Amino acid sequence: MERSSLGDRMSVSFIGILAAVAYQVVMSEMLPRIAYVTVMNALLNISFLTMVATVVINLVVGQLDKQGRSEFADSIDKRCRWIFPLTYFGLLLLGYGTASLIL
């Protein structure tokens, strides 16, 4: 998405957050209550936190763009294109590996 379309970027991020929260509510009603973290809980929490981080990055990039520091904003934007997916899948693997050790 264009860096200058902060409203569109925030809309996509908030729709993702709302979808994750709705899915978490549905899953919590379907699954039994247990005291430990499951793979499903880890997946939902990692997804939620990743989407919240996108909101923060969008706000930072938008503020930098307003201040006229568009090169730095572009740099952050381009780095986040590969940092976010790598971090997300790395955390998923870590969560799955931890759950596998427990089970």
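The values are calculated or read from the model by the stated rules, or taken from the named source; none is laboratory data. This one's a predicted model, so the numbers in the text were calculated from it and none came from an experiment. Backbone-built Cβ (ideal geometry, glycine too); neighbour counts: all protein chains shown. The area values use the complete protein model at the heavy-atom level, side chains included, leaving out ligands, DNA and RNA. Shrake-Rupley method; radii C 1.70, N 1.55, O 1.52, S 1.80 Å.
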Practice item. Calculate the radius of gyration of the Cα atoms of the stretch 1-88 to one decimal place, then report Dmax, the largest Cα-Cα distance, as a whole number, both in Å. Key: 15.9, 52
Review point. FRET efficiency for Q63 and A19, Cβ-Cβ distance as r, R0 = 30 Å, nearest 0.05?
Key: 0.70
Exercise for review: May I ask you to evaluate 6.51 cos²θ - 1.76 cosθ + 1.60, the Karplus curve with θ = phi - 60°, for each residue of the stretch 14-29 and list the ³J(HN,Hα) values in order in whole Hz, giving x for glycine and proline?
Suggested key: 5, 5, x, 5, 4, 5, 5, 5, 4, 5, 5, 5, 4, 5, 5, 7
Practice item. May I ask you to give the solvent-accessible area per residue for the stretch 1-94, in square angstrom, as obtained with a 1.4 angstrom probe? Key: 70
**Study point:** 222 nm mean residue ellipticity, helices alone, for the chain (DSSP H n ≥ 4; -39,500 (n - 2.57); rounded to 500)
**Key:** -30000 deg cm²/dmol
Revision key, fill the gap. Scalar couplings 3J(HN,Hα) for the stretch 45-56 by Karplus 6.51 cos²θ - 1.76 cosθ + 1.60 (θ = phi - 60°), nearest whole Hz, x for Gly and Pro, are 5, 5, 5, 4, 5, 5, 5, 5, 5, 5, 5, 4
Check your understanding: Can you work out ³J(HN,Hα) from phi for every residue in the stretch 79-88, in order, using Karplus 6.51 cos²θ - 1.76 cosθ + 1.60 and θ = phi - 60°, giving whole Hz and x for Gly and Pro?
Key -> 5, 5, 5, 10, 5, 4, x, 5, 5, 4
Review point. Nearest 20 debye, what's the magnitude of the dipole of the chain about its Cα centre given +1 on Lys and Arg Cβ and -1 on Asp and Glu Cβ?
Key: 140
Practice item. Take every Cα pair under 8 Å in the chain that's 6+ residues apart, average their separations, divide by the length, and report that relative contact order as a whole percent. Key: 38
Revision key, fill the gap. For the stretch 29-103 the chymotrypsin sites (Phe, Trp or Tyr not before Pro) that pass both the DSSP coil test and the at-most-14 other-Cβ-within-10 Å test are Y36
**Study point:** Simple spin-label estimate for R33 and V56 in nanometres, 7 Å along Cα-Cβ
**Key:** 3.1
